[in-house]
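To keep things clear, I will list the structure first and then write my remarks on it.
The values are calculated or read from the model by the stated rules, or taken from the named source; none is laboratory data. Model, not experiment: these values are computed from the prediction. As a convention, Cβ positions derive from the backbone with ideal geometry for all residues, glycine included, and neighbour counts pool all protein chains shown.
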Amino acid sequence: MGGIHATAIVAPGAKIGQGVAIGPYCIVGANVTLEDGVELASHVIVDGHTRIGPRTRVYPFASLGQGPQHLKYAGEPTRLEIGAENMIREHVTMNTGTVEGGGVTKIGDRNFFMVNTHVAHDCHVGSNIVMANNAVLGGHVTVGDYCVFGGNCAVHQFVRIGRYAMISGVCGVADDVIPYGNVYPFWNNRASLAGLNLIGLKRRGFTREQIQTLRTAYRLLFAAEGSLEERLQDAAAMYREQEAVMEIVEFIRARSSRNLCLPTTGRYVSE
């Protein structure tokens, strides 16, 4: 059952879909769109040019669509777009984009944002992602589908996180993480690549053969012999018919402002 509580404030101009529930003391701005079945539990603020997709549920004290935490932001009408069936728990914050960063912060579908997580300006976050309590994304971060972020981890601005990656808790990620990668804190809690996200791959239905192929390709790509470019060429030749391996190869080859997160010498690697 939808409905707007008597204590909620919904500005004229806000677009409210069918079956939307807006609980006590919520505030909805004039440029907000709440699509069918959205539920704001209570004390939620949704402002700015923000769209929330169908059947997304937002818990108390979340703040969505406020301007970016960026010193150059001058009030431009940038946007926050949130997809369908997301779970956004207490005290989550998501900001709109910046003109410099393309103007939009974008969230996919069926994500689970736990308490006190933060998505900064101009992030592009995929679908089926889990961010545990206090995990935060800096500006311009790109996250592929099916990633998991442990509690209290922090991702530096402009970092790319490939699909199916696992980021350990209490981990500072300053470099790009390959698809299917598993990173742990090493020195000074900085992220180190510790192999593949084997548990996540099994849970997502990857076959034993697919996982074994990824493991052998991983060993080749991060072996001690030769340069990274030489190993990329070898992997591309050997695994050109393997979509998952080629996804890693293309990710590494893509232009990026960040370095690549690599294994740390002397650390156990569960490839």
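Data table
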read-out: Given (1) closer than 15 Å to Ile252 by Cα; (2) in contact (Cβ under 8 Å) with a residue 24 or more places away in the chain, number of the condition Ile161 does not satisfy; value: (2)
read-out: Qualifying residue in the stretch 73-81 (condition: more than 16 Å from Val38 (Cα to Cα), assigned to a strand (DSSP E or B), touching a Pro at 6+ places or on another chain (Cβ under 6 Å) and touching a residue at least 12 places away in the same chain (Cβ under 8 Å)); value: no
read-out: Residue check for Thr33: farther than 17 Å from Thr93 by Cα, outside any loop (DSSP other than H, G, I, E, B) and either modelled with pLDDT of 95 or more or under 22 Å from the mean Cα position of the chain (by Cα) (or both); value: yes
read-out: Qualifying position, being more than 23 Å from Asn152 (Cα to Cα) and loosely packed, with under 15 Cβ neighbours inside 10 Å, among Ala217, Ala224; value: Ala224
read-out: Qualifying residues in the stretch 176-197 (those that are of a type in the set (A, V, I, L, M) and out of contact with any Ser or Thr (no Cβ under 7 Å at 6 or more places or on another chain)) - the one farthest from Cys261 (Cα to Cα); value: Leu196
read-out: Cross-chain or 6+ apart pairs with Cβ under 6 Å, the stretch 192-211 first and in a loop (DSSP other than H, G, I, E, B), then at pLDDT 95 or above; value: Asn197/Tyr164; Asn197/Met166; Asn197/Tyr180; Asn197/Asn182
read-out: Of residues in the stretch 134-151 being out of contact with any Cys (no Cβ under 8 Å at 6 or more places or on another chain) and within 12 Å of Ser168 (Cα to Cα), the one surrounded by the fewest Cβ atoms within 10 Å (Cβ to Cβ); value: Gly151
read-out: Matching entry among Ile129, Ile178 (being more than 22 Å from Pro54 (Cα to Cα), within 15 Å of the chain's Cα centre (by Cα) and not charged (D, E, K, R)); value: Ile178
read-out: Test: Met1 is modelled with pLDDT under 95 and either of a type outside the set (Phe, Trp, Tyr) or assigned by TED's automatic domain parsing to the domain that holds Asn133 (or both); value: yes
read-out: Answer residue from the stretch 96-124, given it is out of contact with any Gly (no Cβ under 6 Å at 6 or more places or on another chain) and within 14 Å of Arg163 (Cα to Cα) and is surrounded by the fewest Cβ atoms within 10 Å (Cβ to Cβ) among those; value: His124
read-out: The listed residue being buried (at least 21 other Cβ atoms within 10 Å of the Cβ), closer than 17 Å to Val125 by Cβ and not polar (S, T, N, Q), out of Ala62, Ala84; value: Ala62
read-out: Set Ala244, Ala237, Ala194: member being exposed (fewer than 12 other Cβ atoms within 10 Å of the Cβ), hydrophobic (A, V, I, L, M, F, W, C) and outside the structural domain of Val130 (by TED's automatic domain parsing); value: Ala237
read-out: Only listed residue being in a loop (DSSP other than H, G, I, E, B) and free of Cβ contacts under 8 Å to residues at least 60 places away in the same chain, chosen from Asn188, Asn134; value: Asn134
read-out: Meets criteria (at negative phi, touching a helix residue (DSSP H, G or I) at 6+ places or on another chain (Cβ under 6 Å) and either not in a strand (DSSP E or B) or not basic (Lys, Arg) (or both)) for Ala217; value: yes
read-out: Qualifying residue in the stretch 107-122 (condition: over 13 Å from the mean Cα position of the chain (by Cα), small (Gly, Ala, Ser) and at pLDDT 95 or above); value: no
read-out: Contacts under 8 angstrom Cβ, first residue in the stretch 244-266 being under 21 Å from Tyr184 (Cα atoms), partner surrounded by 12 or more Cβ atoms within 10 Å (Cβ to Cβ) and among the basic types (Lys, Arg), 6 or more apart; value: Phe251/Arg160; Arg258/Arg160
